[in-house]
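**Student:** Submitted below is the structure of interest, expressed as structure tokens.
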Amino acid sequence: MRGLFDPNHPDPKAVRRIKALMAERFGLPESTTLAVAELRCHEPDCPPVETVITAREADGSVRDWRVAKALCDVGRADIEMLGNQP
């Protein structure tokens with residue numbers, strides 16, 4: 001049985017692609033730290049798998065976005081649909 005976090009390592013190319021798309025979409029400076037994770041959920045009313053993207057700014061602010069898809073399936077259109085404020 002799998003837990004909330006997939007024990008497999010995500011595809012590094014997919015992670016880099018998502019980070020580049022996020023930096024482009026939101027005009028993020030290089031000082032912003034981006035984290036990309038694929039989570040699995042077994043709770044009612046939550047998607048079975050989602051990609052969570054977190055941006056940590058130099059001023060300490062944090063923003064999160066969620067895409068109800070596996071990390072490797074997240075594309076440009078998904079990133080373009082994300083709002084400025086999650």
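**Student:** Taking K and R as +1 and D and E as -1, what net charge do the other residues with C-beta under 13 Å from the C-beta of Met81 add up to?
**Tutor:** Net local charge, Met81 excluded: +2.
**Student:** Short version: ³J(HN,Hα) in whole Hz for each residue of segment 18-28, in order, from phi by Karplus 6.51 cos²θ - 1.76 cosθ + 1.60 (θ = phi - 60°), x for Gly and Pro, what are they?
**Tutor:** 5, 4, 5, 5, 5, 4, 5, 4, 9, x, 6
**Student:** Along the charge dipole of the chain, which of Ile79, Pro10, Ala37 sits closest to the positive end, that is, farthest toward it, with unit charges on the beta carbon of Lys, Arg, Asp and Glu (+1, +1, -1, -1)?
**Tutor:** Pro10
**Student:** Suppose a student asked you for the relative contact order of the chain, using Cα pairs under 8 Å spaced at least 6 residues apart; what percent would you report?
**Tutor:** That works out to 27 percent.
**Student:** What Rg and what Dmax come out for the chain when only alpha-carbon atoms are used, in angstroms?
**Tutor:** When restricted to Cα atoms, the chain yields Rg and Dmax of 13.0, 40 Å.
**Student:** No other cysteine beta carbon under 4.7 Å away is the test; run it over the chain and list who passes.
**Tutor:** Those would be Cys72, since no other cysteine Cβ in the chain comes under 4.7 Å of theirs.
**Student:** Checking the a/c ratio against 1.5 first, then a/b against b/c, what shape does the Cα gyration tensor give for segment 11-50? Present the calculation step by step, with values, prior to reporting the outcome.
**Tutor:** Numbers: a/c = 3.06, a/b = 2.20, b/c = 1.39.
In terms of gyration-tensor shape, prolate.
A short reminder: the numbers here are calculations on the coordinates, not readings from a lab. As the structure is a computational prediction, the values presented were derived from the model and not from experiment. As a convention, Cβ positions derive from the backbone with ideal geometry for all residues, glycine included, and neighbour counts pool all protein chains shown.
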